Amino acid sequence: MIRSILAAFVALVAISTSGNAQVAGQPVPERPKLKSEAIINGDIVRIGDLVEHAGIVASVPIFRAPDLGYTGTVSADAVIEAVRKHALIGVDATDVQDIVVTRASRTIPANEVEQAISRTLSARFDLGPSKDIVVNFARDIRAIYVEPSAKGELRVTHIDFDTRSGRFDATIEIPAGAGKRSTTQISGRATATIEVATAARTLDRGAVLKDSDVLMERRPRAEVGRDAISKREQAVGLAARTGLQPGRPIRTAELMKPDLVQRNETVTLIYEVPGVVLTIRGKAAEGGAEGDVINVLNEQSKRTVQGVIVGPGRVVINNGSPLVASNYTTKSAANADTR
């Protein structure tokens, strides 16, 4: 009997020892540990967002997340206190004093709002190309933040526009995630503009405009009028018909072809007929630009003839104008010297 009891006791000890050895051989669960930063999807912060190895309480909500697009901090002490209520203890907070929490978002830049307004105004109110419409909002427009899952772009669903004052009131629809969209009201003023040529400095009458004399500036289309020059090349090389002031739009009527011949200037008279080119000196009775017909005194015959200005100091005589042949240089058409 005593031997049977002893054998049973030994067996029981063996079983107990074997069980303890099995437990000891299992991996020890990792200790919960605070994170130093976290990125949150949604408007709720859960324990697992802030604590590694949180186990079965990882999905339990404890804080409200920052607003979309914003970042905040929460102290380690506040987190430990919050998770203790849910039986999570012994959290390792080594080297962590505050946790940086960022709300994940998709950014819609402010300029996309402006572009959407410009495109809508261009399409509905004939204000010209959208790139030429300047939009000024009644209040500062900042970037719009939406959920990362939000699909689609913002769009203008309604807009009112006063063509006289330029004021607009619009309703904008913004993607909000989960297939939803939110709306917001926005107002301001819009101006159709045009790029025009302006004088870079004061220019006197007759001054020939160089590239550096012309600046291209954007001005309200309603203030400029239809005769303003809109391309630099339309002004460069022409002469000021009247004085030009800096900063003022240059108009077509204020420019002219530059004079190639000045009054009382000595010019070369050219007379051409088939096979013959005659040249002689003359004095211009008036100035003019290329293509102008002017009177020129023939210094040989002392008679006034008419001719067309073809270049600087060069006038081609009309066929009907009389010339005196003596003292002219006569050349064949093949070897004509018209200089």
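The values are calculated or read from the model by the stated rules, or taken from the named source; none is laboratory data. Quantities reported herein were computed from a predicted structural model and do not represent experimental measurements. Positions of Cβ are generated from backbone atoms using ideal geometry, with glycine treated the same way; all protein chains shown enter the neighbour counts.
Residues Asp169, Asp160, Asp140: which one is assigned to a loop (DSSP other than H, G, I, E, B), of a type in the set (Asp, Glu) and either assigned by TED's automatic domain parsing to the domain that holds Arg119 or surrounded by fewer than 16 Cβ atoms within 10 Å (Cβ to Cβ) (or both)? Spell out the reasoning first.
Numbers: Asp169 fails: assigned to a loop (DSSP other than H, G, I, E, B); Asp160 fails: assigned to a loop (DSSP other than H, G, I, E, B).
Answer to the selection: Asp140.
Assuming Arg263 fulfils every condition listed in (1) surrounded by 13 or more Cβ atoms within 10 Å (Cβ to Cβ); (2) at negative phi apart from one, which condition is it?
Failing condition for Arg263: (1).
Is it fair to say Ala228 is farther than 28 Å from Ala116 by Cα, surrounded by 12 or more Cβ atoms within 10 Å (Cβ to Cβ), aliphatic (A, V, I, L, M) and outside the structural domain of Gly288 (by TED's automatic domain parsing)? Give the steps one after another, and end with the answer.
Working: farther than 28 Å from Ala116 by Cα: yes; surrounded by 12 or more Cβ atoms within 10 Å (Cβ to Cβ): yes; aliphatic (A, V, I, L, M): yes; outside the structural domain of Gly288 (by TED's automatic domain parsing): yes.
Yes.
Just one of the numbered conditions (1) out of contact with any Lys or Arg (no Cβ under 8 Å at 6 or more places or on another chain); (2) not assigned by TED's automatic domain parsing to the domain that holds Gln300 is not true of Gly275; which one?
(2)
Test Thr268 against the criterion of being in contact (Cβ under 8 Å) with a residue 60 or more places away in the chain and within 30 Å of Ala110 (Cα to Cα), and give yes or no.
Numbers: in contact (Cβ under 8 Å) with a residue 60 or more places away in the chain: yes; within 30 Å of Ala110 (Cα to Cα): no.
When the stated conditions are applied, Thr268 does not pass them.
Taking Ser105 as meeting all but one of (1) at pLDDT below 90; (2) of a type outside the set (Val, Ile, Thr); (3) more than 19 Å from the chain's Cα centre (by Cα), write down the number of the exception.
(1)
Out of the residues in the stretch 65-122 that are in contact with a Gly (Cβ under 9 Å, 6 or more places away or on another chain) and of a type in the set (A, V, I, L, M, F, W, C), which is farthest from Phe137 (Cα to Cα)?
So the residue we want is Leu88.
If I ask for residues that are in contact with a helix residue (DSSP H, G or I) (Cβ under 8 Å, 6 or more places away or on another chain) and of a type in the set (Val, Ile, Thr), which ones from the stretch 28-46 would you list?
Answer for the stretch 28-46, where residues must be in contact with a helix residue (DSSP H, G or I) (Cβ under 8 Å, 6 or more places away or on another chain) and of a type in the set (Val, Ile, Thr): just Ile40.
I'd like the full set of residues that are among the aliphatic types (A, V, I, L, M) and either assigned to a helix (DSSP H, G or I) or in the same structural domain as Gly128 (by TED's automatic domain parsing) (or both), limited to the stretch 208-225. Walk me through it before giving the result.
Filtering the stretch 208-225 for residues among the aliphatic types (A, V, I, L, M) gives 208-209, 214-216, 222, 224.
Listed by number, the residues that qualify are Ala222, Val224.
Report yes if Arg124 is modelled with pLDDT under 90 and surrounded by fewer than 19 Cβ atoms within 10 Å (Cβ to Cβ), otherwise no. Give the steps one after another, and end with the answer.
Details: modelled with pLDDT under 90: no; surrounded by fewer than 19 Cβ atoms within 10 Å (Cβ to Cβ): yes.
No; evaluated as a whole, the condition is false for this residue.
Which of the residues belonging to the stretch 47-77 are out of contact with any helix residue (DSSP H, G or I) (no Cβ under 8 Å at 6 or more places or on another chain) and part of a loop (DSSP other than H, G, I, E, B)?
His53, Ala65, Pro66, Asp67, Leu68, Gly69, Tyr70, listed by residue number.
Being modelled with pLDDT of 90 or more, touching a helix residue (DSSP H, G or I) at 6+ places or on another chain (Cβ under 6 Å), surrounded by 13 or more Cβ atoms within 10 Å (Cβ to Cβ) and not assigned by TED's automatic domain parsing to the domain that holds Arg164: is that true of Ala200 here?
Answer is yes for this residue.
Within the stretch 78-99, can one find any residue that is in a strand (DSSP E or B), buried (at least 17 other Cβ atoms within 10 Å of the Cβ) and modelled with pLDDT under 95? Break it down into steps so the answer makes sense when it comes.
Just the residues of the stretch 78-99 that are in a strand (DSSP E or B), to begin with: 92, 98-99.
Next cut, buried (at least 17 other Cβ atoms within 10 Å of the Cβ) only: 99.
From what is left, the residues that are modelled with pLDDT under 95 are none.
No, because not a single residue in the stretch 78-99 is in a strand (DSSP E or B), buried (at least 17 other Cβ atoms within 10 Å of the Cβ) and modelled with pLDDT under 95.
As an exercise: evaluate Ile172 against (1) under 26 Å from the mean Cα position of the chain (by Cα); (2) farther than 30 Å from Gly42 by Cα; (3) hydrophobic (A, V, I, L, M, F, W, C) and give the number of the one condition it does not meet.
The one condition Ile172 does not meet is (2).
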